[in-house]
1. Skip the ligands, DNA and RNA, and give the accessible area per residue of the chain with a 1.4 Å probe, whole Å².
2. Hey, if we sort Ser2, Ser37 by accessible area with the 1.4 Å probe, largest down, what's the order?
3. Say R0 is 22 Å: what FRET efficiency, to the nearest 0.05, do His31 and Glu51 get from their beta-carbon distance?
4. For the chain, report the convex hull volume of the alpha-carbon atoms normalised per residue, in Å³, without decimals.
5. In the chain, what percent of the accessible surface is made up of carbon and sulfur (1.4 Å probe, ligands and nucleic acids excluded)?
6. Go through 19-25, 61-67 and give me the packing order, highest mean Cβ count within 10 Å leading.
7. May I ask you to list the lysines whose Cα is less than 26 Å away from that of Lys45, ignoring any residue fewer than eight positions away on the same chain?
8. If one takes the longest principal axis of the Cα atoms in the chain, at what angle in degrees, from 0 to 90 and to the nearest 10, does the Cα axis of helix 3-27 lie?
Amino acid sequence: MSYAKVHELQALVEILEIAKLDLHRLLIADHVPFDISDKIAKERKTIADIEFLIQDIQVDLALKDLKREYMQTYSLANGMNTLTI
């Protein structure tokens with residue numbers, strides 16, 4: 001597993017939490033700015049983009065794990081086929 005990807009994933013999850021908190025603050029604000037709908041739309045788009053990036057990294061990590069498992073299984077099976085008695 002790529003440690004750089006894992007750290008990137010952790011950072012994106014933290015950023016996502018902050019973006020969701022910002023959106024929540026906008027939604028419950030007592031004194032709303034005049035462009036509240038634009039800010040809410042921008043925050044929702046940001047959250048959607050971050051979620052897409054998180055999903056992309058998760059898929060990439062899962063694929064690497066699957067390939068590693070396949071190679072281990074293949075090498076084990078191949079090694080068993082070459083055993084002679």
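1. On the way: 7050 Å² over 85 residues.
Per-residue accessible area for the chain comes out at 83 Å².
2. Numbers: Ser2 40, Ser37 80 Å².
These residues rank, largest area first, as Ser37, Ser2.
3. Values: r = 29 Å, r/R0 = 1.33.
Efficiency, from the Cβ-Cβ distance: 0.15.
4. Values: hull volume 7.0 nm³, N = 85.
Per-residue hull volume (Cα only) is 82 Å³.
5. On the way: 4360 of 7050 Å².
Looking at the chain in its full context, I get 62 percent from C and S.
6. Numbers: 19-25: 13.9, 61-67: 11.4.
My ranking of the peptides, most packed first, is 19-25, 61-67.
7. Counting by Cα, and skipping residues close in sequence, Lys45 has these lysines nearby: Lys5, Lys20.
8. Its long axis makes an angle of about 20 degrees.
The values are calculated or read from the model by the stated rules, or taken from the named source; none is laboratory data. Please read all numbers here as calculations on a predicted model, not as lab measurements. FYI the Cβ positions are ideal-geometry reconstructions off the backbone, even for glycines, and counts take in every protein chain you see. Note: accessible area is taken over every heavy atom of the protein model, side chains too, but ligands, DNA and RNA are not part of it. Shrake-Rupley method; radii C 1.70, N 1.55, O 1.52, S 1.80 Å.
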